[in-house]
1. Of the numbered conditions (1) modelled with pLDDT of 95 or more; (2) farther than 23 Å from Gly117 by Cα; (3) open to solvent by less than 50 Å² (accessible area, probe 1.4 Å); (4) of a type in the set (A, V, I, L, M, F, W, C), Ala35 fails exactly one; give the number of that condition.
2. Among the residues of the stretch 258-273, is any among the hydroxyl-bearing types (Ser, Thr, Tyr) and out of contact with any helix residue (DSSP H, G or I) (no Cβ under 8 Å at 6 or more places or on another chain)?
3. Does His253 qualify as being within 14 Å of Ala213 (Cβ to Cβ), open to solvent by 40 Å² or more (accessible area, probe 1.4 Å) and without any contact (Cβ under 8 Å) to a residue 60 or more places away in the chain?
4. Would you tally the residues in the stretch 51-67 being open to solvent by less than 70 Å² (accessible area, probe 1.4 Å) and closer than 16 Å to Thr96 by Cα?
5. Given the structure, is Thr50 under 25 Å from the mean Cα position of the chain (by Cα) and farther than 23 Å from Cys119 by Cα?
6. Just checking, which of Ala248, Ala271 is of a type in the set (A, V, I, L, M, F, W, C), at pLDDT 95 or above and loosely packed, with under 13 Cβ neighbours inside 10 Å?
7. Just to be sure before I move on: is Leu224 buried (at least 24 other Cβ atoms within 10 Å of the Cβ) and closer than 27 Å to Ala140 by Cα in the structure I sent?
8. Do we have Asp129 as touching a helix residue (DSSP H, G or I) at 6+ places or on another chain (Cβ under 9 Å), free of Cβ contacts under 8 Å to residues at least 24 places away in the same chain and open to solvent by 50 Å² or more (accessible area, probe 1.4 Å) here?
Amino acid sequence: MKSILQILLCAAISLIPLAAGADDDIAALRAQAEAGDAVSQYNLGVSYYTGDGVKQDSPTAVYWYRKAADQGLAEAQFNLGVSYESGEGVSQDSPTAVFWYRKAAEQGLATAQYNLGVCYEHGNGVARDYSEAAKWYRKAAEQGLALAQFNLGIFYVLGNGVNKDYTEAIKWYRQAAEQGFTSAQVNLGRCYEYGKGVAQDYTEAVKWYHKAAEQGNATAQGSLGYCYYHGTGVAKNYTEAVKWYRKAADQGHAEAQCNLGLCYYTGNGVAKDCAEAVKWFRKAAIQGNQTAIANLKRLGISD
């Protein structure tokens, strides 16, 4: 899972509007920043990062983030950490990124807690430590950050830094899923489909796949297509199956490409068309899908 990018607008810290009279606004903001006001220093850094009211200049953004970060402003510490992690406006330096993430995380900034967890999970700038990763994910998850809730759910499935516990995984997946986080919706659907940590319920699985599929998640679209094709948790409907397979296939989902090819080959939900079947089998086969490769071989096609 990637780290969260820079905070551009914070609930507790508002940028000075930069519409009419932008030059005057920036001048006032700069005056306050140069006078030592941490919030103004942070907001001026954001302005330079985004190019809002001034020419975009990442090194100058970093300069002002540092001024505010040195005064203990958590949002500035976080953005400075992101700058060091990405190497934008400053030389890339993962240990220094961790230093600033920790400063902000210890002040309770959820996004910094999440990024610090990512660093511990992957060993970026610090020794890999799943227990520490779980600790920081939990702190962010308890503040309602969906990314952290999702990652903590995965940790409970895998037993990374915590004891394996599907019930706990379901708890965190659900919290993230209810916020509309598609990957959590997919994983929650999987848990219902296979009865992991919850009573098996195909209808509930379809519900969560549908929520994620409507947001464009290719995995969910492929799974929803499968449910419609086989009548799992929903009335069998080949036309709907083709619709969702196609959406996933168009995003490059290999299994959906193979299944769409099968629909064209059998004529289920779409007019039978062997050329189209081969086309989709080939797309899936290129990605290494073994079923598609086998289907092409059965048709006497080896390329």
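The values are calculated or read from the model by the stated rules, or taken from the named source; none is laboratory data. In this text, all values refer to a predicted model and were calculated from it rather than measured experimentally. A quick note on method: Cβ atoms are made from the backbone with ideal geometry, for glycine too, and the neighbour counts reach across all protein chains shown. Accessible surface areas use protein heavy atoms only, side chains included; no ligands, DNA or RNA. Shrake-Rupley method; radii C 1.70, N 1.55, O 1.52, S 1.80 Å.
1. It fails just one condition, (3).
2. yes
3. So His253 fits the description; yes.
4. 2
5. Judged against the criteria, Thr50 is a match.
6. Ala271
7. So Leu224 fails the test.
8. Taking the combined requirement at face value, the residue does not satisfy it.
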